[in-house]
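The values are calculated or read from the model by the stated rules, or taken from the named source; none is laboratory data. Since the structure is predicted, the reported quantities are computational estimates derived from the model, not experimental observations. Cβ placement follows ideal geometry from the backbone for every residue including glycine, while neighbour counts extend to all protein chains displayed.
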Ligand code: PEP
Ligand code: MG
């Protein structure tokens, strides 16, 4: 009988086209739990305590396994689960519920897990909403201990498959053997979910948020996924499969071809060299980064450390994270950005008032200058970690000199305090600002006299220059870093830093776009920081350039009126080189 293929579409979060058999993973479900009253609450409390102890042992075993075979990155995620288990807002309310309402241990776990997960789910920020999955994961682990659940484990996989699941929790992914997993498909999950982050760092193709479509997929079904577009084809017809096999072969060949650029210097044909750096959000992402061709970390978004927890990370926790990054980079520079919270990024444990215009409101450096204890703790942690590598400090969302000077004064004070305590700090820690607000770009000459470096954040610079919300799809047609006004601001910043003998980096997504390479090379951008997946392509683009020709291109581009003209000129330039 001829197969009838089914086309489905989810969110493509990790590149790669793959074809393989589906492995449908169904872990223990909350729906299997029957709620009920307990005859003896004391017995239930003991059962719960034993289940908790069992989970801790199990998690510690998994952590040890992860550290040995799968790397520190996964181990850290599991450590996060142990801290959830020990969180005062999670486990103690379960024992309380058993004692007060005389319910079974299962009922208590189910209700409290749902309550805590619902709090995360109601948060406006996507990243925080996705943390609900971590809470449910810990709850599920407790429940499966209580009911002694014996299901098919991901660690049973012994052949190449595409894993299909409702959601993949952090502890699920720890059990995966990368050699056998061609891809992930999940019913729920977004771009910043742990599954997306892990799929990216493991280089596994992934399509998330497919919705009810996953229910069509059965064990052993043939499945094609495209991790870039989010397309899935279930039970493909022969011709479809043949066409996709050609695409896969081309992808493998392209990957192979790009390999030679990994460790190559980003040097133009006439010998001008640029520094290529990577953006990271977690210490795990820094592991092995030099092997991916990164010469530095140009942006470490520290807010992820704050957002992935239910309580504020203390100085020690932060110190450990920053030191881990410094050590993974083996002496290569690391630009640590201080907390960039607010806007669309909220912290559940930091009460901030609702705002009409959060992107223009109480966020990033504004919040840090107001809540100085928080800022000082972070600066202490970064400065202590600076003894272990080449850390630099960068302040986000600087709008004027007053703000910069205030932040620097606090930094100087924290540093002096540490020195007076006899704590070792880095000898020369450079201090810079993100240029992501037009007012800072316009004042670049003044700033250049005082800062050590600039890093241009095009993601926000476009949003504030063109007055276009970077999250709003309705106006996304206006969101373009090739807008001539944005290019003029970038030029002002680079020129100002050169005149003052300082350097300029770029950590917004423009730096990772090979099409922008001739423009940025012509403008003389010093450090280019991007997602590690873009490094090879950008290095390749740079090696095809001639600096003098790029400078002529810049001259022409600066006279253009629209983003469309700029883009056309860059496409024409690219096709010639
Ligand atoms: C930027 O604004 O360009 C940037 C790199 O920072 P974020 O995307 O974290 O706002
Ligand atoms: Mg920004």
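Tabulated values for the structure
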item	result
Lone unmet requirement of (1) within 16 Å of ligand 1 (Cβ to nearest atom); (2) crowded, with 20+ Cβ neighbours inside 10 Å; (3) part of a helix (DSSP H, G or I) for residue 359	(2)
Hits in the range 243-264 (condition: out of contact with any helix residue (DSSP H, G or I) (no Cβ under 8 Å at 6 or more places or on another chain) and in contact (Cβ under 8 Å) with a residue 60 or more places away in the chain)	244, 245, 247, 248, 251
Residue check, residue 293 modelled with pLDDT of 95 or more, under 19 Å from the mean Cα position of the chain (by Cα), in the same structural domain as residue 364 (by TED's automatic domain parsing) and on the phi > 0 side of the Ramachandran plot	yes
So residue 382, is it at pLDDT 95 or above, within 16 Å of ligand 2 (Cβ to nearest atom) and buried (at least 17 other Cβ atoms within 10 Å of the Cβ)	no
Members of the range 430-464 found to be farther than 16 Å from residue 494 by Cβ and within 16 Å of ligand 1 (Cβ to nearest atom), listed by number	437, 439, 459, 460, 462, 463, 464
Helices (runs of 4 or more DSSP H) contained entirely in the range 409-508, each with at least 2 residues that are more than 23 Å from the chain's Cα centre (by Cα)	438-442, 444-448, 484-499
Boolean, residue 260 is out of contact with any strand residue (DSSP E or B) (no Cβ under 8 Å at 6 or more places or on another chain) and outside the structural domain of residue 341 (by TED's automatic domain parsing)	yes
Test: residue in the range 392-415 that is over 24 Å from residue 492 (Cα atoms) and either within 16 Å of ligand 2 (Cβ to nearest atom) or modelled with pLDDT under 95 (or both)	no
Counted residues, the range 218-242 - those being outside any loop (DSSP other than H, G, I, E, B) and either touching a helix residue (DSSP H, G or I) at 6+ places or on another chain (Cβ under 8 Å) or exposed (fewer than 13 other Cβ atoms within 10 Å of the Cβ) (or both)	8
Qualifying helices (runs of 4 or more DSSP H) (wholly inside the range 1-120; at least 2 residues being more than 25 Å from residue 282 (Cβ to Cβ) and outside the structural domain of residue 161 (by TED's automatic domain parsing))	41-65, 91-101
Test result for residue 511, more than 20 Å from residue 271 (Cβ to Cβ) and within 14 Å of ligand 1 (Cβ to nearest atom)	yes
Among (1) away from ligand 1 (no atom under 16 Å from the Cβ); (2) over 23 Å from residue 311 (Cβ atoms); (3) buried (at least 20 other Cβ atoms within 10 Å of the Cβ); (4) free of Cβ contacts under 8 Å to residues at least 60 places away in the same chain - the single one residue 326 does not satisfy	(4)
Meets criteria (more than 16 Å from ligand 2 (Cβ to nearest atom) and either under 28 Å from residue 546 (Cβ atoms) or assigned by TED's automatic domain parsing to the domain that holds residue 377 (or both)) for residue 272	yes
Residue count for the range 509-522, restricted to those that are under 27 Å from residue 290 (Cβ atoms) and over 25 Å from the mean Cα position of the chain (by Cα)	2
Single match in 544, 498 (criterion: closer than 27 Å to residue 16 by Cβ and surrounded by fewer than 17 Cβ atoms within 10 Å (Cβ to Cβ))	544
Residue in the range 467-486 that is surrounded by the fewest Cβ atoms within 10 Å (Cβ to Cβ), counting only those that are within 16 Å of ligand 2 (Cβ to nearest atom) and under 19 Å from residue 520 (Cβ atoms)	479
Residues that are under 14 Å from residue 482 (Cβ atoms) and either assigned to a strand (DSSP E or B) or modelled with pLDDT of 95 or more (or both), drawn from the range 511-535	511, 514, 515, 516, 517, 518, 519, 520, 522, 523
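So that you can scan it fast, the table gives a plain yes or no per residue for (1) out of contact with any helix residue (DSSP H, G or I) (no Cβ under 6 Å at 6 or more places or on another chain); (2) assigned to a loop (DSSP other than H, G, I, E, B); (3) modelled with pLDDT under 95; (4) within 16 Å of ligand 1 (Cβ to nearest atom):
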{"site": "275", "(1), (2), (3), (4)": "yes, no, no, no"}
{"site": "284", "(1), (2), (3), (4)": "no, no, yes, no"}
{"site": "299", "(1), (2), (3), (4)": "yes, no, no, yes"}
{"site": "304", "(1), (2), (3), (4)": "yes, no, yes, yes"}
{"site": "309", "(1), (2), (3), (4)": "yes, yes, yes, no"}
{"site": "317", "(1), (2), (3), (4)": "yes, no, yes, no"}
{"site": "322", "(1), (2), (3), (4)": "no, no, no, no"}
{"site": "334", "(1), (2), (3), (4)": "no, no, no, yes"}
{"site": "340", "(1), (2), (3), (4)": "no, yes, yes, yes"}
